[in-house]
Amino acid sequence: MARGINKVILVGHLGADPEIKYTASGSALCTFRLATTESFNDRDGQQQTRTEWHRIVTWGKLAENCGQYLSKGRLAYVEGSIRTRSWDDNSGVKRYMTEINAREVQFLSGGGGQDSGEQYSPDMPPAPDEDIPF
């Protein structure tokens, strides 16, 4: 019987500084939002761009490194798998969140400033606000 594959590879810019927390057992947990932007030509031949926001989760030493070295605007390579989790909000409504459980993160550039050589667009739509328990 064949097995499925759950693998994601993203290269994008952080929309905000990462948030690092520690579990009761002392394990590090770091979350951040990564924007990937693609360009394409529409039916009229006009160039369009589309930005997709991804919620990234890292654990352990990788989480500590991400919390220490990543910052808003920095270009990063993320490799991991898609996970969907659920919880009940304050009203008792079941909510779902899809996120990337990262196994590898490579820091590709500085903070996206002029000296980094990377193009970080302040016109990029902001990461959506989320009220998600962790």
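All of the numbers you see were taken from the coordinates with simple rules; none came from a lab. Note that the coordinates shown come from a computational prediction; the quantities given were computed from them, not determined experimentally. Here the Cβ is made from the backbone with ideal geometry for all residues, glycine too, and neighbour counts use every protein chain on show.
Brief remarks follow.
- Pair list, Cβ < 9 Å and 6+ apart or interchain, from segment 61-82 residues that are free of Cβ contacts under 8 Å to residues at least 12 places away in the same chain and more than 15 Å from Glu104 (Cβ to Cβ) to residues that are hydrophobic (A, V, I, L, M, F, W, C) and surrounded by 15 or more Cβ atoms within 10 Å (Cβ to Cβ): Gln68/Ile20
- If the condition is being surrounded by 12 or more Cβ atoms within 10 Å (Cβ to Cβ) and either of a type in the set (A, V, I, L, M, F, W, C) or more than 16 Å from Asn101 (Cα to Cα) (or both), then segment 23-48 contributes Ala28, Leu29, Cys30, Phe32, Leu34, Ala35, Thr36, Thr37.
- Residue match in segment 51-66 (condition: among the aliphatic types (A, V, I, L, M) and touching a Phe, Trp or Tyr at 6+ places or on another chain (Cβ under 6 Å)): yes
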